[in-house]
Structure formats: structure tokens, C-alpha cells
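Worksheet for the structure shown next.
The values are calculated or read from the model by the stated rules, or taken from the named source; none is laboratory data. Computed from a predicted structure; not experimentally measured. Cβ coordinates were reconstructed from backbone atoms using ideal geometry, including for glycine residues, and neighbour counts include every protein chain displayed. Surface accessibility is based on the protein's heavy atoms, side chains included, excluding ligands, DNA and RNA. Shrake-Rupley method; radii C 1.70, N 1.55, O 1.52, S 1.80 Å.
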Protein chains: 2
Amino acid sequence: MKKVVVIGGGTGTFVVLSGLKKYPLDLSAVVSMADSGGSNKIIRDEFGLLPPSDVRQCLVALADDTYVAQKTLRQLFMYRFAKGVGTKGHTFGNLFLAALSDITGNQVEAIKQAGKILHIKGRVVPVSLTKTNLVAKYNNDMVVKGEHEIDEPDFDGRLHIKKLSLSPRAAIYADAERVIKNANLIVLGPGDLYTSVLANMVVSGVPEALRNTKAQLVYIVNLVTKKGQTYGFGAKDHVFEIEKYIGRKLDFVIFNNGKFPPSIVRKYQKENEHPVVDNLEANGRKVVKTDLLAREEVKKVSGDVLKRSLIRHDPKKLAKVLVKLLKVSS
Amino acid sequence: MKKVVVIGGGTGTFVVLSGLKKYPLDLSAVVSMADSGGSNKIIRDEFGLLPPSDVRQCLVALADDTYVAQKTLRQLFMYRFAKGVGTKGHTFGNLFLAALSDITGNQVEAIKQAGKILHIKGRVVPVSLTKTNLVAKYNNDMVVKGEHEIDEPDFDGRLHIKKLSLSPRAAIYADAERVIKNANLIVLGPGDLYTSVLANMVVSGVPEALRNTKAQLVYIVNLVTKKGQTYGFGAKDHVFEIEKYIGRKLDFVIFNNGKFPPSIVRKYQKENEHPVVDNLEANGRKVVKTDLLAREEVKKVSGDVLKRSLIRHDPKKLAKVLVKLLKVSS
């Protein structure tokens, strides 16, 4: 079975995993561990654990949904408490992982056990076990610490990040290194360029692992720019930024050329965000351009799996393209 | 398959169900819904739900423990948070049921879904869906409201309860009525006489259902007396009290005649509690006397399933006796 590793953490990774799990592949999700918002902050501060939200979303993406019981467990994992003085705002899946970490004695074992309970296809691997925070230095030399603070900027969203790092420094987790090494295909993105994708690349050992693997390296370009991270970025800028952090060229770049519904474009424009323009230069990279849009506008759901984007990649269309790259027949 | 209904709620019911689930029986647990302590109080007050602890314990008792994933889920269900400002003291299983009640839209459906997730053998049925509280009137005319307040008395533990009732009055839940009606054998106890066993009998419709069923009615006498409830009670007093509330004679009474370890007797004595003495008079009832003691002293475990008793019935020994009554071969 071909080994596919998806590196990321947010909604984009959720979509890629949801699509790929229908194929006979050996799937691993390598997940950013620098989340710092809401329920994660509580789990970090009060439980002394690593932030679980990205892990939780990947577990849900890979969960078996053919049985009623697992379907319900998936829903529970995404559920956010609306009641209870002590529980309001908590994500049930995060509490699930926190309780399980206490029972099993460590968080990695808890992630494995949760995977068994949800009957996941594949595995979810933290990119690092170091408790750390993202630090962004912007082109005006402002420094912002914390994934959540970078992700939801209360400053000029047209600023660009000059340098992303982790404080304290974090080292790659051995299992993450191993799956990257043994992969046939590694998928980066889509997802917030700095807070989801590059959040993994600033872990020491990850760029090295990505340079040393024989796997083909694919990047799926985001559909829209994001304020505070990629204001005004075209596809090329995304690609260059990733290659800068990992120190090697990408093998494949996947770009959506499907047309956005004008109503959605207008909604994004109000936020100073725009569909990513195609200014790609192949320059040795293989570029795949095709319609990858999900047909329907994303609806808000309980839980935060799809918390922000109005439009997203279609899991099936994405998976089809990726599997073609692997020359695996479905 | 023979239909067995176990009525109760606390540790005793847990033990009976744990033993019986190994046999090919159609099992139902009819569960008291008047719990008011700790996590239950929060779930009642802040979520507006019925107290889930007794349901949770029965779900755990009936859960499949042959698969690793279900074993872990069982542990989770019993887990009590030791960390987290908002979660400390909460029982995970109660939060599980609360979240599921919100997702499914009602608590009965949540109990059913949780049963599926835990792969339980049989079903767990709330005795009533009315939000209510136990009220005890003692022989000195003192009135105490609330299961928790009655269960852990801060008054003279030698007092006896003259009258147990519910405020507001609560009506039997249709499913509970149905399983009682269709049962072949109904098991009451062991368990705290007023707060676990009779807590079910004061629900209107329950005594009537127990009088009208063709099922054989078995009572398993407690091992020790309990302060504030059964101070100085012999086996006969337990039996008479139950018969008084249901308005019919029991068919079988099961009594342990195994010898208590002296060290345990001494521990109970310090609390003014004693092994229940055998002053039974058959008087038409079939009395089974045999060694039913679990060999080992009960250890404290995380969660509150076995929160208080130092010694308990052995699930296997109890189940063997009950199954013999049913003439079911194992």
C-alpha cells in the first residue's frame, strides 16, 4: 500500500484526509501542535498538555463513519459545550483527549487510543511533543506570539510575516520523522500558510526530514488569501514561502482554477481577502490546475472544524488528483 | 431468551449487572433518577437534564469489555477530572451524556446512543423522566430533601426513615413500565435501601407495575447496614420495608451467609455499621442463603462506581444464584 503523509492541522488537512481515507492508502497525518486559542489554551494551561484541537480534527477526519456508533462519536468529538459554568466553550473532543491522557499516562498513547475508539483509518502523529508557541515577526518588525493571536490579528491585516519561529524551539517527534522518511507522497496544505502549514516546518528536524525523504512533495495552494498572513499573495508567493522554509523545491503544485461564485468573492473582499491568483511559474515543478471547488458554500457547524472559510476544496476532487499523482487506481 | 430486569441504581446494581451480562439473557436496568450529588447537581442545575450518574454506572456495567476500544471507553466513562478549573470533579461519563443529550435533542436518545457506543448488553431505562428530588421524613419528624443529603447524613445516623417520597411527584417512564410488565425475573437490590432501591419504588406507577407483572420478584439483601438509612436493621427489616412500599410479597430473598473478615467488620463498626443479621422469616417467600462475598476488599478506583463500600457481593456468585432461579443454563 502506498504511504501518504498529510502535514498540516486545520480545515484544509481535514478536507484532504476526508477525501483520501476512501482510498486504499497507508495514511498518516502529521499535525501542528502550536494551537493556542480557546479550549486549547485551557488544556495547555490547566492540564499541562499539548494543544489537542488539530489532533482532534484529524482524528475526526479519519474516523470511520460507516457505523452509527462511530458517527455519533465523531459528532461528539466536534461538539462544543454551550452550557455549564465550567464546561461552556470547551470542545468535547479536547476533554476526551485530556481525560484519556490522564488515564493512559501520556498524550501520545491517548491519541492512539482515541484513534482506536474512532476506528480511524491511518494514524495521527504530533509533529513535536515540545510545548511551544508560534512567534511571528512582521515586515514592520512587530513581534506577535501565539498561534491564536497570529491567526486572528487585531492589527493591520496587510502586514506580512518576515519570520516565523517557535519559542521555545521544538524538535520533531520520532514517529513524525519516521513517517516522513518512509512516505511515497507528502501533501502540504491547503491551510493557513503560517499557522497551519509552516507551523510544522519551523519544528527543527522537519525541513531536514522533508529534504531527505524520497517522497514526492505536493503543495495544494489555498483558495483565498488570508489577512495577517497572505494579503495580496499569488500562488507563486505561497510556493516560494514554503520552499524557503523547507529548503527544497516542491515536486507538485495543485491549484484550483474553478470559478468562485461572485457572491462569495464579495464576502471575502469585505475582509480584504481575495481568491489566490495564478502567477505560478512551473520552473521544474509539475503544476496541476483543475476545478477543485466544493459546490456548496460552507455552513457553520457545531464544533470548529470548518470555522471560518466560506468556500473550500472538495475532498473528492482533491483526493482524485492526489491519487492520480500516486498512480493508485481507486 | 429470558427477560431479567434489575431495578436500582448504585454499586449493588452495578455488581448484579456485571455478573448477569455473561449469561444469555435479555437484560434491562431500570434506574433511579433522583441522584443529586456532585457532578449530578451541576448537570441538573446547569444543563437542565436528569441526573446521569446511575445511568452511567449501569452503562459501564453492561458495556462490552472484550475489545480494547470499549475497555478504554469504560474507563473514560468512570473517569473523574482532577484538573481544569471548569472540569475538576466532573465525571467524564456525565459530560459525555450531557453533550450527547444536546446533540440528539433528548436524554433518552442519548442514553440509547451511549449504549450503542459502549456496545452494551441489554438496555438502560430511566425509571422516570420527571425532574424530582427524594424527600425523607425521619422518625423524629425531621425532613431532609435531596438524595445526596440523605445518602451522606450530617445528622444522627441512627435515625430511621418513616416515609420516603418524591417532590415533585414523578411518574413511571413508559419503557420502564413495559420492561417490568414483560419480565420473567425482577431483581431488587443490593444497594442503599432508600436512596437506591426504594428511590425507584416511590415513583408513581412502579409499585403498580410490580404488583401486576407475572415476573418473580427477588430481593438481594445488603451485606451491611448503613447509617442514616438502615441502622440496626436485620434482613427481615429490609424485606418488610420493601414490601411495604410495593404492596406485595417478594418471591425470593437472597441472603449472604459467608463470613466477613474481622478486619472489615471492625472498620464498619467504627462507623456504627454492621453486617446485616439473619432474622429472616420465610413466610411464603423462598429464601436462598449462601456465601456471596467477594473475596477481596474493595479498592478505591478513580470514578465513583464503588465509592464507599469496603466489601461487596461477588458478581459471579450472585449471577449464578439468580440464573438458577430462572433455570437458565449458562
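Residues are listed down the side, and each one gets a yes or a no for (1) over 20 Å from B:Thr225 (Cα atoms); (2) touching a strand residue (DSSP E or B) at 6+ places or on another chain (Cβ under 6 Å); (3) at pLDDT 85 or above:
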residue: B:Pro261; (1), (2), (3): no, no, yes
residue: B:Gln269; (1), (2), (3): no, no, yes
residue: B:Asn283; (1), (2), (3): yes, no, yes
residue: B:Val287; (1), (2), (3): no, yes, yes
residue: B:Asp291; (1), (2), (3): no, no, yes
residue: B:Ala294; (1), (2), (3): no, no, yes
residue: B:Ser330; (1), (2), (3): yes, no, no
One residue is enough: does the range A:208-229 have a residue meeting the conditions among the aromatic types (Phe, Trp, Tyr) and open to solvent by 10 Å² or more (accessible area, probe 1.4 Å)? no
Hits in the range B:35-72 - residues which are farther than 15 Å from B:Phe92 by Cα, small (Gly, Ala, Ser) and open to solvent by 20 Å² or more (accessible area, probe 1.4 Å): B:Gly48
So which of A:Ala82, A:Ala114 is within 14 Å of chain B (Cβ to nearest Cβ) and open to solvent by 10 Å² or more (accessible area, probe 1.4 Å)? A:Ala82
Kindly check whether there is at least one residue in the range A:305-314 that is open to solvent by 90 Å² or more (accessible area, probe 1.4 Å), within 16 Å of A:Gly189 (Cβ to Cβ) and modelled with pLDDT under 95. yes
Considering residues of the range A:1-47 that are farther than 23 Å from A:Ile242 by Cα, in contact (Cβ under 8 Å) with a residue 60 or more places away in the chain and not in a helix (DSSP H, G or I) only, the residue nearest to the other protein chains (Cβ to nearest Cβ): A:Gly37
Take B:Ala98 and decide whether it is at pLDDT below 95 and among the hydrophobic types (A, V, I, L, M, F, W, C). no
Single residue of the range B:85-110 satisfying the filter (hydrophobic (A, V, I, L, M, F, W, C), out of contact with any helix residue (DSSP H, G or I) (no Cβ under 6 Å at 6 or more places or on another chain) and within 20 Å of B:Arg123 (Cβ to Cβ)) that is nearest to the other protein chains (Cβ to nearest Cβ): B:Phe96
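For every residue, the table says whether it meets (1) in contact with a Phe, Trp or Tyr (Cβ under 7 Å, 6 or more places away or on another chain); (2) at negative phi; (3) open to solvent by 60 Å² or more (accessible area, probe 1.4 Å).
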| residue | (1), (2), (3) |
| --- | --- |
| A:Glu152 | no, yes, yes |
| A:Gly157 | yes, yes, no |
| A:Leu166 | no, yes, no |
| A:Ala170 | no, yes, no |
| A:Ala176 | no, yes, no |
| A:Ala183 | no, yes, no |
| A:Ile186 | no, yes, no |
How many residues does the range B:56-79 contain that are more than 9 Å from every other protein chain (Cβ to nearest Cβ) and in contact with an Asp or Glu (Cβ under 9 Å, 6 or more places away or on another chain)? 4
